[in-house]
Amino acid sequence: MNAPYTPRTRRAPHTPRRSRRLALAAALAAVLLAGTACSSKSAGSSGGDGDGADGVRTGPGVSDTVIRLGALTDLSGPYATLGKSIVQAQQLWADETNADGGICGRKVRITVKDHGYDVQKAVSAYADLSSSVVALPQVVGSPVVAALLDDLQRDHMLTFPQAWSAALLGNDAVQVFGTTYDVDMLAAVDYLTRTKKLGKGDTIGHVYFEGDYGANALEGSTWAAKRAGMKVVGQKIKATDTDLSAQVTALRKEGVKAVLISAGPAQTASLAGVAAARGLKVPIVSSAPGFAPQLLKTPAAKALEGMLHVVSAAPAVSADIPGVERMVKAYGKKYPGSVVDSGVLSGYNAAQLLGADLKKACEAGSLDRADVVAAHHTQKHLDTGLGTPQDFSDETRPASLQTYVLEPDADAVGGLVNEEDAHEAPGVEAYLSSRH
């Protein structure tokens, strides 16, 4: 039997390219061995293929003085607030990096393109940008990344998407960092059962966006529920659906004991507000992209603080983790008045990870795109101090299997606090094995 829930009081897949990755790694090793010989060359590269004046091989986006990176983001669509946070956080990283001497003796420059969460605009923006950058520390949106996969692979464009669908795994140039949506949903179901908010035989509702994001999250929740002796009732919605009254009505009729949501902040607010108003006072667990601190200033704030939990690969920005605290302080100084949300941490972390890859590639003697990708996949325990260590050696698996559970707190920086520290949910390895 499960205990009754009492609301809280305040407090697009591709085949793995192992052969290519192994070839790139071999090439990287060869460049490393030849590094001292290259140092005598002086081609004076201005960004094309060849060797720079310092002997480091260059390619698109790299000159003797500058490393150019690109960002394809949403500054005018449904994730505009998130996009702004990511852009500003990565610019903060670039400014700090340049003040510290840059990378490989070169200044870092980031060119930002706004696609407004429109796939066609994103494809056009990539075409304009791709010839002049070496890597992308930011691409917002699973549909956007899916549309660009072939181009990113062809161009050896190391990309850190702000999207966590397992469908993006298996591509050596595209790196999902942290967990994937399905792994987080395993953690959500584990949290609900372990804390006795759910029991065997219960029904779980899952409201999810159409597309890779929602489909991947649903895959995880369905597998975890079946393993726990429960079932999932799904409610698929579009990004334009902001009134979830019909979905709440349907879930109430099904007698759900908890609701998972893998959508955007507007949908999470509607779900919680309508559910509370209609007496469906059950725990709600959201995927990380479904929360924004601005929600705690809406009429749904009370319902969110009483019912919502968030599963995330990253800690809350209010966490007492030294690296996170330093980032929050630096961000507040550079962008006073800006909200510090999960996008800040995610964007800054992605930039830190890419920076480490670029430094490693430089040490091996080449900033050519393919060699940057190869250097990236030699990173087996990369820890930026902003969450869990990342293992990038196997592109077919998530870089981390550990999920945080967070809860809303209007008084906390970023509107969330850590409810549970990062941990691997039971069954994750079995689940990953079942996918192959």
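The values are calculated or read from the model by the stated rules, or taken from the named source; none is laboratory data. Quantities reported herein were computed from a predicted structural model and do not represent experimental measurements. Methodologically, a virtual Cβ is constructed for each residue, glycine included, from the backbone with ideal geometry; neighbour enumeration extends over all protein chains shown.
Residues in segment 371-412 that are of a type in the set (A, V, I, L, M, F, W, C), surrounded by fewer than 21 Cβ atoms within 10 Å (Cβ to Cβ) and over 19 Å from the mean Cα position of the chain (by Cα): 2 in all. Counting the residues of segment 345-368 that are farther than 18 Å from residue 79 by Cα, of a type in the set (A, V, I, L, M) and outside any loop (DSSP other than H, G, I, E, B) gives 6. Inspection of segment 367-384 finds no residue satisfying the criterion of being within 30 Å of residue 298 (Cα to Cα) and modelled with pLDDT of 95 or more. Among the residues of segment 102-111, at least one is modelled with pLDDT of 95 or more, touching a Gly at 6+ places or on another chain (Cβ under 8 Å) and farther than 18 Å from residue 359 by Cβ.
This table checks each residue for (1) at pLDDT 95 or above; (2) under 20 Å from residue 186 (Cβ atoms); (3) of a type in the set (Asp, Glu).
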{"site": "201", "(1), (2), (3)": "yes, yes, no"}
{"site": "210", "(1), (2), (3)": "no, no, yes"}
{"site": "217", "(1), (2), (3)": "yes, yes, no"}
{"site": "220", "(1), (2), (3)": "yes, yes, no"}
{"site": "224", "(1), (2), (3)": "yes, yes, no"}
{"site": "230", "(1), (2), (3)": "yes, yes, no"}
{"site": "246", "(1), (2), (3)": "yes, no, no"}
{"site": "250", "(1), (2), (3)": "yes, no, no"}
{"site": "253", "(1), (2), (3)": "yes, no, no"}
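Scanning segment 194-233 for residues that are surrounded by 24 or more Cβ atoms within 10 Å (Cβ to Cβ) and either among the β-branched types (Val, Ile, Thr) or on the phi > 0 side of the Ramachandran plot (or both), we see that the one that is farthest from the chain's Cα centre (by Cα) is 204. Checking the structure you have, find out if any residue of segment 336-348 is modelled with pLDDT under 95 and in contact with a Pro (Cβ under 6 Å, 6 or more places away or on another chain). Yes, segment 336-348 contains at least one residue that is modelled with pLDDT under 95 and in contact with a Pro (Cβ under 6 Å, 6 or more places away or on another chain).
Does residue 134 satisfy the criteria of being among the hydrophobic types (A, V, I, L, M, F, W, C) and within 16 Å of the chain's Cα centre (by Cα)? Spelling it out, it is not the case that residue 134 is among the hydrophobic types (A, V, I, L, M, F, W, C) and within 16 Å of the chain's Cα centre (by Cα). In segment 81-103 there is no residue matching the filter, namely being over 25 Å from residue 326 (Cα atoms) and in a loop (DSSP other than H, G, I, E, B). Is there a residue in segment 428-436 that is in contact with a helix residue (DSSP H, G or I) (Cβ under 9 Å, 6 or more places away or on another chain), at pLDDT below 95, surrounded by fewer than 21 Cβ atoms within 10 Å (Cβ to Cβ) and of a type in the set (Gly, Ala, Ser)? There is at least one residue in segment 428-436 that is in contact with a helix residue (DSSP H, G or I) (Cβ under 9 Å, 6 or more places away or on another chain), at pLDDT below 95, surrounded by fewer than 21 Cβ atoms within 10 Å (Cβ to Cβ) and of a type in the set (Gly, Ala, Ser). Here is a check on your reading of the model: is residue 325 assigned by TED's automatic domain parsing to the domain that holds residue 108, over 20 Å from residue 96 (Cα atoms) and of a type in the set (D, E, K, R)? Judged against the criteria, residue 325 is not a match.
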